[in-house]
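Any read-out appearing in this document is the output of simple, stated calculations on the displayed coordinates, not a laboratory observation. Remember, predicted model here, so these are calculated numbers, not experimental data. Here the Cβ positions follow ideal geometry from the backbone for every residue, glycine too, while neighbour counts run over all protein chains shown.
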Amino acid sequence: MSIIDNFADQNLSFEQAKANWQKEMARALGAKTDAKTLGLLTRKTQDGLVIGPITNIRQNPQIEGTPGHFPFVRGPISKPHSHQKWDIRQPVTTGEPERANRHALQELAGGASSLHLNIDPTAKSGIAIQELADLEMVLRDVDLAIAGLGFEPSVHSADLGGVMIAHLEQQKLDISKANIHFGFSPIGQSTKHSLNNNQLQNTLEEATQFASWNIDNAPHFTSLTLSSDLIHEAGGSAALELAWICAETVEYLKVLLAAGLSVDQAAGQMIASIAMDANLHLGIAKLRAARRVWANLLQNCGASETASCLNIQTSTSNRMLTRREPWVNILRISTAAFGSVLGGAQIVSTTPFTKFCGMPNELARRLARNSQLVLQEECAAGQVIDPSGGSHFHERMTDQLAHAAWKLFQQIEQQGGLLAALENRWLQKIIMEQQKQRQQKVQTRKQAMIGVSDFANLDETIAPTTDHNWQPKINTDRLQFPVSLPIKERVALARTGSVFANVTSDSRTTPNPFAPQRDAEQFELLRDAADSQPRLPAVFLASMGAVADSAPRAGFTRNLMAAGGLQISDNVTWETESALLDAFAQSGSKLAILCGPDALYAQSAENWAVKLKAGGADQVWIAGGPDLPHNSKLDRRFAAGCNAIELLQAAHACLGIKHV
């Protein structure tokens, strides 16, 4: 009887079938116990949620609702849109306004349905918009009656909102046809930039004014961004992201309701900004769980069922992107976009794959946009509503994630709300602990980054970028927009040429636990240091026994050393011991690594270490094998699961590589 017959027999109960399956897995994996087998096949998320090797319908939670209906776990709509399955909202970040305009028109002509503008008056991280004339240049020939527009959260959101309304009035556009998101994120920006309490209160007041203006004047305008991507980019977990969305919503509801808005009106002004990475299935569950917890929150706040559907804009996770071997980013970005669509996001933004290499060129921007067009037009990804619905894994993970997020949200509320949790630094402690856990996974390569921490290509092809050295002229002699200004007066000042106000951070709170992090950065810094010394000798591979005996550990060692930018000598067999020592002397290396089977380690490793050091090695390491004895002549043992960053730093120090 085959293994399939053993556990697929319809006459067996599930418990019997599972026991048979465990027995077969234990035999296949060489495990002695079922518990060990399950341990080998079980993983945990950053929140400690268990991803088991087998899931069945009995473990599924009750599937809540239907697509397009409360609590919207299964999606925000009940049937696919006939034309545009989702809003392809592509980012425009080029500093020079005129160049940003060309990029915006290229995005729209190439298939994007809307634009996402990142504003930075200094042009360091976005478009250098300082006044109305700059915005007019960026939006020249952009038909806002057709193309949607969203702004990245910024400390300049109020100033930007004023010049945006002035632009709409000058264009005499029917704003009932426009779809614009102002991108206010008072709490998110206050947290990210360490703003003081007065600045936060001013921004909350300004955001409330624009929300009220939208409701009175522009039915398709929204004002507030729920910045869960801030938590994600800082290294936080999926459950903490969703808890942040709920806690931030509560704080904004307090302000908006006090200003006279209804719960439904306030909810309609919010869009959740959620970062998606290459963990496809967890990303799908995250979006489904986000709608569930938000709907539960809004229901408890008295909102109608229709208003309890969370509007989601997803963006490509920055923390997963690499500067080294950036071509792999194309796969990461495509996977993140795919998860966004399958999870039911209404708006999807994809980042150029060379974002951290330099200014993206036309190829990078086109590939980012086309990743969505392929999903929409060729893969038909938007044709099915809630494609993961009924999947044992996705339903269970959605349920676990929603409960974990709600528990964290309740803990934030027990602190007195999000602002209080930030003030007493409770939330900072949580995210710092999560950062530590994530960094440990990255450093031990349990969180792999292909092309960087694993399978690094020392001869990689440099990705093309474009040069752009343009610098804006900062207007210091012009009138700046005052804070907490009524919108009519702000628009009037925009017409006279007023410029954006300077915003300073509170240096007392640095370093900021919410600063963005990239997983690959530590490895990339090691690569940079190694590349700065082109005459660096290779690490010497002292293989023991036949090539076949040393090949597994030699391959592991080569892969690990490459993550730090270090070449390693070929895995060869020497006829005599003297030939090995001669080869080492000719290499000029100060670091030798023994690779071979355990049996030869026991016989000869200590003796080889002595002779290699006598031949000029400063240190001799060993790959795998048993732990080193106290008086060992070997300097270090490493194996799978070791801290790769510490190991590579030690290798750099031995080879004399200097770090700036």
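3J(HN,Hα) couplings calculated from phi for region 580-588 with the Karplus curve 6.51 cos²θ - 1.76 cosθ + 1.60 (θ = phi - 60°) are, in sequence order, 4, 5, 5, 5, 5, 4, 5, 5, x Hz; Gly and Pro show x. In plain terms, the chain from VAL384 to GLN201 could stretch by 61.5 nm, reckoned as 0.36 nm per residue minus the Cα-Cα distance.
When +1 charges are put on Lys and Arg Cβ atoms and -1 charges on Asp and Glu Cβ atoms, the dipole computed for region 88-181 relative to its Cα centre reaches about 240 debye. Taking a threshold of 28 Å on the Cα-Cα distance, which of the pairs LYS254/LYS286; LYS85/LYS436; LYS254/LYS407; LYS79/LYS286; LYS124/LYS254; LYS18/LYS436 fall above it? Among LYS254/LYS286; LYS85/LYS436; LYS254/LYS407; LYS79/LYS286; LYS124/LYS254; LYS18/LYS436, the Cα-Cα distance tops 28 Å for LYS85/LYS436; LYS124/LYS254; LYS18/LYS436.
Going from the fewest other Cβ atoms within 10 Å to the most, the residues ARG495, ARG553 appear in the order ARG495, ARG553. Over region 521-655, the hull volume per residue, using the convex hull of the C-alpha atoms, is 98 Å³. To the nearest ten degrees, helix 280-300 and the longest principal axis of the Cα atoms of the chain are 40 degrees apart.
Nearest 20 debye, what's the magnitude of the dipole of the chain about its Cα centre given +1 on Lys and Arg Cβ and -1 on Asp and Glu Cβ?
Result for the chain is approximately 900 debye, rounded to the nearest 20.
Each residue of region 108-123 is assigned a 3J(HN,Hα), and the resulting list reads 5, 5, x, x, 5, 9, 7, 10, 10, 9, 9, 9, 8, x, 8, 6 Hz, derived from the Karplus form 6.51 cos²θ - 1.76 cosθ + 1.60 (θ = phi - 60°), x at Gly and Pro.
Taking 22 Å as the straight-line reach from the Cα of LYS613, the lysines in range (excluding those fewer than 8 positions away in the same chain) are LYS590, LYS633.
Before rounding to the nearest 500, sum -39500 (n - 2.57) across all DSSP H runs of length at least 4 in the chain and divide by the residue total; then give [θ] at 222 nm in deg cm²/dmol.
The per-residue figure over the chain is -14500 deg cm²/dmol.
Of the cross-linked pairs LYS44/LYS441; LYS23/LYS441; LYS172/LYS488, which ones have a Cα-Cα span greater than 19 Å in the structure shown? The answer is LYS23/LYS441. Between amide H atoms placed 1.01 Å from N, distances below 5 Å from SER185 occur with SER154, THR225, all of them 5 or more places distant or on a separate chain.
Exposure proxy for GLU24, GLU395, GLU646: other Cβ atoms within 10 Å of each Cβ, ordered fewest to most, give GLU646, GLU24, GLU395.
Whole number please: convex hull volume per residue of the Cα set in the chain, in Å³?
Given the Cα convex hull of the chain, per-residue volume reads 191 Å³.
If R0 is 22 Å, the Cβ-Cβ spacing of SER13 and HIS403 corresponds to a FRET efficiency of close to 0.20. Sequentially through region 463-478, phi angles give Karplus couplings (6.51, -1.76, 1.60; θ = phi - 60°) of 6, x, 10, 10, 7, 7, 9, 5, 10, x, 8, 6, 7, 9, 9, 9 Hz, Gly and Pro residues having no value and appearing as x.
Return the whole-Å distance between the Cα centroid of region 192-233 and the Cα centroid of region 253-285. Taking the Cα centre of region 253-285 as reference, the centre of region 192-233 is 12 Å away. Listed by Cβ neighbour count within 10 Å, with the fewest neighbours leading, SER587, SER317, SER340, SER176 appear as SER176, SER587, SER317, SER340.
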